[in-house]
1. Which condition from (1) out of contact with any Cys (no Cβ under 6 Å at 6 or more places or on another chain); (2) away from ligand 2 (no atom under 15 Å from the Cβ); (3) more than 30 Å from Leu38 (Cα to Cα) is the one that Gly158 breaks?
2. Could you run through segment 22-59 and say how many residues are part of a helix (DSSP H, G or I), hydrophobic (A, V, I, L, M, F, W, C) and farther than 12 Å from Leu72 by Cβ?
3. Among the residues of segment 3-21, what is the count of those that are under 19 Å from Ser128 (Cβ atoms), of a type in the set (D, E, K, R) and open to solvent by 40 Å² or more (accessible area, probe 1.4 Å)?
4. Restricting to segment 132-172, and then to whatever is hydroxyl-bearing (Ser, Thr, Tyr) and within 16 Å of ligand 1 (Cβ to nearest atom), can you tell me which residue is nearest to Arg102 (Cα to Cα)?
5. Could you say which residue among Phe273, Phe281 is open to solvent by 70 Å² or more (accessible area, probe 1.4 Å), within 16 Å of ligand 1 (Cβ to nearest atom) and outside any loop (DSSP other than H, G, I, E, B)?
6. Taking only segment 107-126 into account, find how many residues are surrounded by fewer than 24 Cβ atoms within 10 Å (Cβ to Cβ) and either basic (Lys, Arg) or outside any helix (DSSP H, G or I) (or both).
7. Contact list please: Cβ distance under 6 Å, first residue in segment 53-82 and away from ligand 1 (no atom under 16 Å from the Cβ), second residue open to solvent by 80 Å² or more (accessible area, probe 1.4 Å), pairs at least six apart or on different chains.
8. Enumerate the pairs (first residue in segment 279-295 and over 22 Å from Leu38 (Cβ atoms); second residue anywhere and away from ligand 1 (no atom under 14 Å from the Cβ) and not in a helix (DSSP H, G or I)) with beta-carbon separation below 6 Å, excluding pairs fewer than 6 apart on the same chain, so at least 6 apart or on different chains.
Amino acid sequence: MKHLLKMLDLSREEIIDILNLADQLKYELKHGIPHHHLQGKSLGMIFQKASTRTRVSFETGMYQLGGHPLFLSASELQIGRGEPVQDTARVLSRYLDGIMIRTFEQKEVEDLADFGNIPVINGLTDFSHPCQVLADLMTIREFKGSFDGLKMCYIGDGNNMANSLIVGCLKAGMAVSAATPENYRPAKEVMDFATGFDCFSITDDPKTAAEGADVLITDVWASMGQEGEAEQRRIAFKGYQINDDIMSAANTDAMVMHCLPAHREEEITTKVFEAHAKEIFEEAENRLHAQKAVMVKLMA
Ligand code: CP
Ligand code: NVA
């Protein structure tokens, strides 16, 4: 593994390896065992979109690994004034040991990896959010013990989270169901990948998708960059909400996860969110451990 660009690139073995290391790093952090695997290394973090979790967990994680994180706001970089990503990649490769980037187009992340010669980590694009899904898989395994026999159900927008969850959960060995409105399905390459699995199904009926689920996941109806469509999306996604009715179709011990930020009473009710706060905030914490594992795998 040279980069972390999207879940489609990872093998099951690579995913399990990252999760095992993440568990170990979590244990070491909780027990005060130093793990300075990245001493003397620097990670540049380019943000073209807002972030709370990704920024703070990468910055803290790099510090805990003995390395140096640099926050690079795209609006203050020359990239924000039109310097091509090809040149930015070649320049940053001369200074840094790794780049994390959060941006719009997946192609920009892929170009950064192609033109530079240091590891690139996708901190979210419109197409995928692999760091989040590695943390989600870590959380599922932590709560359920293993992936064997589990079913993950995603309800809502066929967005970056849906794309990455469907691929990540199938690769991990889970059954996957998704419910999205017809016009908001996951990306074609994700559908092409998923339809090769007998244990994958997609419908426009959330309750059908939730039947027998062990893990229920949703995400915002309007992602970053789609604020202008918020009203239209609120109409399109009405009913695609994790609520008591949906929970009644899932297994009684089903966990609920959300990458956050959450819009209560839109994609999830306050009641369900608070009843599952334990899983949701462990999931947020696990961003730190999973990303540290990714940085060690790529940069140590
Ligand atoms: N879930 C997630 O990526 O959160 P941030 O947008 O706050 O980084
Ligand atoms: N789908 C959301 C995820 C935020 C972490 C977005 O892209 O805004």
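The values are calculated or read from the model by the stated rules, or taken from the named source; none is laboratory data. Predicted, not measured: the structure shown is a model, and the values here were computed from it. Positions of Cβ are backbone-derived with ideal geometry, glycine not excepted, and every protein chain shown enters the neighbour counts. We work out accessible area using only protein heavy atoms, side chains counted, and drop any ligands, DNA or RNA first. Shrake-Rupley method; radii C 1.70, N 1.55, O 1.52, S 1.80 Å.
1. Result: Gly158 fails condition (2) only.
2. Number satisfying all stated conditions: 4.
3. 3
4. Step by step, filter segment 132-172, then rank; the result is Ser164.
5. After ruling out the rest, the residue left standing is Phe281.
6. 6
7. Close Cβ pairs (under 6 Å, with a partner that is open to solvent by 80 Å² or more (accessible area, probe 1.4 Å)) amount to Leu65/His37; Gly66/His36; Gly66/Gln39.
8. Glu279/Met255
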